[in-house]
Amino acid sequence: MTSLEDWIAAQRAHAIAGLLRCISSSQTKTRPGFGQVIVPRRGSVVASPVLADWNPEPDYFFHWYRDSALVIDALRLVRGDVPEARRHLADFTDFSLELAALDGRDMPPGWQAHVAPDFVRFLRKDIAHVYGDTVAAEARVNPDGTLDISDWPRPQYDGPALRALALLRWGADSAMQKQLVVADLRFLLAHARNPCFGIWEEESGLHYYTLRVGEAALRRGAAWLDDPDFAAACRREADALAASLEGFWSPEQGFIRARRLAQGRSAREPDIAVILAANHAQIPPDARLTATLDRLADHFRGSFAINRDVNDGPALGRYPGDTYFSGGAWFVATLGAAEYCYRAGDARRGDAFLETVRRFAPDDGRLPEQFDQGTGAPSSTPDLGWSHAAFLSCIAARG
């Protein structure tokens, strides 16, 4: 077996290629049931380049605000190896700005007539209400720049925060980038404290992940803005979000809760979303975050068969009781744990998580969304842009 260092070097090249497969895809996607032929535009970023139709692989051929921002942020980390990186950033910025003009009221009368009878039940009911500010809360659009007509959890508010963070980390030095960052910051000022669907798009409420990346974007934006009044408003909102986040720590349970629902508490705790929030917002590791990761590691060490005889660095899922596809381990979860450990100065534990990723990563270098908790076989989409982005940010933290 090759050394870990050699594998990292080889997988890094695969991960860069994985990002580029998602950016400005040249593939055409047909959705016959919805009467759609999707030709991606330059600057769009598909969550997965796999042309699937839930048979059984999921159809992720959408421009998710969250995933696209994470891919573009990861591209920054490897821009020295991608000569066209700046062009991709400019195209992404242009595409993102043009989305603001989307208006569900412009859908032609009878547009549903192109949808097959068996697919009508999958259509959304609220498309005429999508215009103006609500476009940024859409979660995803088609990569040809049209609205997603399917019923999907909305609204979601982490996308604008992650997009602003990505552009600010790139420098936000062009007029178009500045325009997009300002628009995203204004959106966050209006919506950051409101309930929405979270990172896993399953439950509506207040979410640690969404609030944390929103706080980070507003705080970094405040330091970047030239307008003192706008900057002050961003700082005040960031402070309010930080105060709210303190309430997610549960001393009786010993971990940071991932969500606060309108009624009752979720059983889906603890959740790797808390650790991913710390990484994506680039907040310093602390005892509470580490305790949350410890609880997750303990749970999945005992509940996943692939973790039998594993002490350090077990394969991690999202949260206890997950049933999506195999309900198994996620590459973004296990890589996120490794990244957190590297940022916390615990390289030995970080390498243990990375060795687990190495153990289950396919030989062709493509990173799926999941790997089965019983067999380790790839599950869900076999090629996820976010998985590649998570690998690149992980090894960047490793140094």
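Every read-out reported here was derived from the displayed coordinates using simple, explicitly stated rules and does not represent laboratory data. Not measured: the values here are computed from a predicted model. FYI the Cβ positions are ideal-geometry reconstructions off the backbone, even for glycines, and counts take in every protein chain you see.
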Which GluC sites (Glu not before Pro) from segment 212-253 combine a DSSP loop assignment with at most 15 other Cβ atoms within 10 Å?
-> Glu252
Asn311 and Gln253 label points (each 7 Å along its Cα→Cβ direction) are spaced in nm at 3.0
Hey, what does the equivalent ellipsoid look like for segment 92-210, semi-axes from the Cα gyration tensor as sqrt of 5 times each eigenvalue, largest first, whole Å?
-> 27, 18, 11
Hey, how many Å between the Cα centroid of segment 78-119 and the Cα centroid of segment 304-347?
-> 33
Under a point-charge model restricted to the Cβ atoms of Lys and Arg (+1) and Asp and Glu (-1), what is the dipole moment magnitude of the chain relative to its Cα centre, in debye to the nearest 20?
-> 360
Pop a pseudo-label 7 angstrom from the Cα along the beta-carbon direction at both Arg236 and His14 and give the gap in nm to one decimal.
-> 5.1
With contacts defined as alpha carbon pairs under 8 Å and 6 or more residues apart, what's the relative contact order of the chain in percent?
-> 15
Residue separation between Ala291 and Glu84 times 0.36 nm, minus their alpha-carbon distance, gives in nm 70.4 nm
Which FRET efficiency value, to the nearest 0.05, is calculated for Asp94 and Asp298 with the Förster distance at 41 angstrom and r the Cβ-Cβ distance?
-> 0.35
Label segment 40-138 by shape, choosing from rounded, prolate and oblate, from the square roots a ≥ b ≥ c of the eigenvalues of the Cα gyration tensor; if a/c is under 1.5 it is rounded, and otherwise prolate applies when a/b is larger than b/c, oblate when it is not.
-> oblate
Segments 311-317, 348-354, 374-380 sorted - mean Cβ within 10 Å per residue, highest first | 311-317, 348-354, 374-380
Rounded to a whole number of µm²/s, how large is the Stokes-Einstein D of segment 319-362 at 4 °C and 1.567 mPa s, given Rh as the Kirkwood radius over C-alpha pairs?
-> 117
With a ≥ b ≥ c the root eigenvalues of the C-alpha gyration tensor of the chain, is it rounded (a/c under 1.5), prolate (a/b larger than b/c) or oblate?
-> rounded
Theoretical ellipticity at 222 nm over the chain - DSSP helices of four or more residues, -39500 (n - 2.57) apiece, nearest 500 | -15000 deg cm²/dmol
Kindly provide the chymotrypsin sites (Phe, Trp or Tyr not before Pro) of segment 1-84 that DSSP labels as loop, not H, G, I, E or B, and whose Cβ sees at most 13 other Cβ atoms within 10 Å.
-> Trp54
Could you order peptides 390-399, 76-85, 273-282 by the average number of other Cβ atoms within 10 Å of their residues, highest first?
-> 273-282, 390-399, 76-85
Size of segment 247-399 as Cα extents on the principal axes (Å, biggest first) | 44, 34, 30
